[in-house]
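I have placed the structure first, in the form of structure tokens, so that the comments after it can refer back to it.
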Amino acid sequence: FISMQFRQVIKRIVKKYDIDIIHTYNEFPNTYDVIKTIRDNNLTCKTIIRIAGLAWRNLIQKDSSLKEPIEFVFQHVDCINFISPGLKKMFLNETEKLQIKNYTANQIVMDIGFNKSIFNKIWQPPTKKKFKIIMVARFTETQKRQDLLIEAFALLENDKFELHFVGEGPTLARMRKLVCDKGLSNVIFHGYVNQKAVLELLLQ
């Protein structure tokens, strides 16, 4: 029922505002419903899907019946927008492993950027205080890769820097162990915090 409602809303918006491009970020069910709406109603707009991780692969691993609709998305979307060359490489590797074929979409590598105007003061590099680095993200195997940041941090003069992690997820315990194995003392794990606390940490 929710899917049916969503498709009707998409149809009305596209027709009312003469939409040329729909940019999506979720393979299933959202992009699936968008493409089905366009095809079922002979709409002329194009579709772009932003691939920022491998959530679609995880869905298929949990429920193999989702392979068909996700494969349908990759076969019929007009353009795939990867956020990095590395993500594109991972995507191609995973589609080959899962035998997802026959997708002919154009492919671009471009991230959406970041709006720094949300900060209410201009940041200045610290002089005497520690240089603080923060990462706000889920702890996941293939998408976020906190391990790479920890490995890089271990190469720095540790007493001059401080590394903060905000978030939770399945690889958190392993990242804590990696920090211990590297003997890093200036790494702080905050766990989950609310949006106000995230902003306060970022402003520091």
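What to note about this one:
- Members of the range 53-85 that are open to solvent by 20 Å² or more (accessible area, probe 1.4 Å), over 17 Å from residue 32 (Cβ atoms) and under 13 Å from the mean Cα position of the chain (by Cα): 83, 84
- Exclusive hit being touching a helix residue (DSSP H, G or I) at 6+ places or on another chain (Cβ under 8 Å) and at positive phi, set 41, 30, 102: 102
- The range 130-150, subset within 15 Å of residue 184 (Cα to Cα) and out of contact with any helix residue (DSSP H, G or I) (no Cβ under 8 Å at 6 or more places or on another chain), residue least open to solvent (accessible area, probe 1.4 Å): 149
- Residues that are closer than 17 Å to residue 82 by Cβ and touching a helix residue (DSSP H, G or I) at 6+ places or on another chain (Cβ under 6 Å), drawn from the range 55-66: 56, 57
- Taking the listed residues 39, 50, the one that is under 26 Å from residue 4 (Cβ atoms), under 16 Å from the mean Cα position of the chain (by Cα) and open to solvent by 40 Å² or more (accessible area, probe 1.4 Å) is 50, with no other qualifying.
- Residue in the range 152-162 that is modelled with pLDDT under 95, open to solvent by less than 100 Å² (accessible area, probe 1.4 Å) and under 11 Å from residue 134 (Cβ atoms) present: yes
The values are calculated or read from the model by the stated rules, or taken from the named source; none is laboratory data. A quick note: this is a predicted structure, and the numbers were derived from the prediction, not measured. In this analysis, Cβ positions are derived from the backbone assuming ideal geometry, glycine residues included, and neighbour counts consider all displayed protein chains. Ligands, DNA and RNA are stripped out before the accessible areas are found, and what is left, the full protein with its side chains, is counted by its heavy atoms. Shrake-Rupley method; radii C 1.70, N 1.55, O 1.52, S 1.80 Å.
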